[in-house]
Amino acid sequence: MPAVRCAECQTELPAGPGRGRPRRYCSRRCQARAYRRRREHGPTATSRLVPETPPPTGGDPRERLVRLAVELADAAGLDAVSMRVLADRAGLPAHAVYRHVRNRAELLSAMAEHVTVRRPGDPPLPRDPRGRLERLAWQEWAMYRRHPWLLAILATDQPPTGPAVLTMVDRVVAAFTDAGYDPAAAFRAYLVFSGYLQGMALLIRRDPTDPAYRAWWSATRDRLARTGRTSGRPWLAAAGDTRPDRDLDAWFRFGLGRLLDGLLPPPRAGSPRYGRAAGRDD
């Protein structure tokens, strides 16, 4: 008899009592996720199925589990990653997974470390502060492009503080310090810089060809035109001719250049350090 699987995450369900309505979900979490999808996209919306990912082999067991979690998140989003699904995909009992990763929070932190760590062979950063900040911005942007789920882990008031994540911050703060900011102002400049990157990353869609999104945008554009709300708003017409999957990198480049123009004004002869000039209010 074929195994019965959760309609949302595809985890194998235990055998039911054989009477009453068949069980469809492995947990209330999956049931709620499916309900939200139907509410937002209609009754025909399909579940975000977790693909059959072969269990990783070789190397450290914890690293193998983290690698598998990253693959699951890349394929189906962060909601698809749970300790139960991870155990199922790794072919392990749940208690064995908890021996290597204590809980989901620790797993998410380890996933962030895995994708942000510097790899051997990464090219050296430019020496000048602006060139360095541009390179760092595009590197982080590329990470959000490859792993859209990473934003939900990093853009919080309690982000992970593993060595790789802290190194990301170190490099940006060091660039602002080399540009003339004092340490406190360099950190404030980092917050502005990071806020722009993460704000733009909110526009990244896991699947830019999602028909539900395209249908929403087309219906919204038609409704605005029909109700006269495009009158006097030429920017709405321009927005209607853009597509995030095609134009997002150009939007990012446009904003990044202007952000750095403001954060790194041309130095003037005899001017004080940024931290004592524009970097502080006192």
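Observations
- Placing R0 at 51 angstrom, the Cβ-Cβ distance between GLU106 and ARG258 gives a FRET efficiency of 0.85 after rounding to 0.05.
- Neighbourhood charge, 13 Å Cβ-Cβ cut-off, centred on MET83 and excluding it, Lys, Arg +1 and Asp, Glu -1: +4
- Evaluated with a Cβ-only charge set (Lys, Arg +1; Asp, Glu -1), region 145-255 carries a dipole of roughly 600 debye about its Cα centre, given to the nearest 20.
- Oblate is the label for region 184-245, because a/c, from the alpha-carbon gyration tensor with a ≥ b ≥ c as root eigenvalues, is 1.5 or above and a/b does not exceed b/c.
- Phi-based couplings in Hz for region 143-155 (Karplus 6.51, -1.76, 1.60; Gly and Pro marked x): 5, 5, 5, 6, 10, x, 5, 4, 4, 5, 7, 8, 8
- Between ARG146 and GLU71, full extension at 0.36 nm per residue minus the direct alpha carbon distance yields a gain of 25.9 nm.
- With a Förster radius of 35 Å applied to the C-beta separation of LEU166 and ARG29, the computed FRET efficiency comes to 0.65.
- Under 5 Å, built H, 5+ apart or other chain: amide partners of GLY77: none
- The label-point distance for ASP247 and VAL192, in a model that sets each label 7 Å from Cα toward Cβ, rounds to 2.7 nm.
- Percent accessible area from carbon and sulfur atoms, region 162-251, protein chains only, probe 1.4 Å: 61
- Dipole of region 122-193, positive direction: furthest Cα of GLN139, LEU191, PRO160, with charges on the beta-carbon: GLN139
- Region 113-124 - phi-based ³J(HN,Hα) in whole Hz, Karplus 6.51/-1.76/1.60, Gly and Pro as x: 4, 4, 8, 9, 5, 6, 9, x, x, 4, x, x
The values are calculated or read from the model by the stated rules, or taken from the named source; none is laboratory data. Since the structure is predicted, the reported quantities are computational estimates derived from the model, not experimental observations. Heads up, the Cβs are rebuilt from the backbone with ideal geometry, glycines too, and the neighbour counts pull from every protein chain shown. For the accessible areas, the whole protein counts, side chains as well, though only heavy atoms, and no ligand, DNA or RNA atoms are used. Shrake-Rupley method; radii C 1.70, N 1.55, O 1.52, S 1.80 Å.
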